[in-house]
Amino acid sequence: MHRSEEESWSSCVACGADVVPTVDRCFRFGESGVLCYACSIERGGSYDEGRDVWRSAPRVEDVRRLGD
């Protein structure tokens, strides 16, 4: 995937992986916090693929300040 002006790239606050929140399955929190899918699942998040929504949010207490 090429970086373009219409894509908004972010980094996972836990592992630093590059993600595109509008394309990648990631969890957004706070003003600009993002967890990649793997970190979200590792932190207890549960994703419903059929409905394309997070059923339960991952734990973000320790990284919340990084998302504000």
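None of the figures in this text is laboratory data; all of them are computed from the coordinates on show. Computed from a predicted model, the values in this text were never measured in an experiment. Positions of Cβ are backbone-derived with ideal geometry, glycine not excepted, and every protein chain shown enters the neighbour counts.
Just a few scattered comments:
- Working from label points 7 Å from Cα in the Cα-to-Cβ sense, the SER11 to ARG51 distance is 3.4 nm.
- Dipole magnitude of the chain about its Cα centre (Cβ charges: Lys, Arg +1; Asp, Glu -1), debye to nearest 20: 280
- Cα pair distances in the chain, grouped into 5 Å bins until the bin that holds the longest one, percent each: 4, 18, 28, 25, 16, 8, 2
- Relative contact order for the chain, counting Cα pairs under 8 Å that sit 6 or more residues apart, in percent: 26
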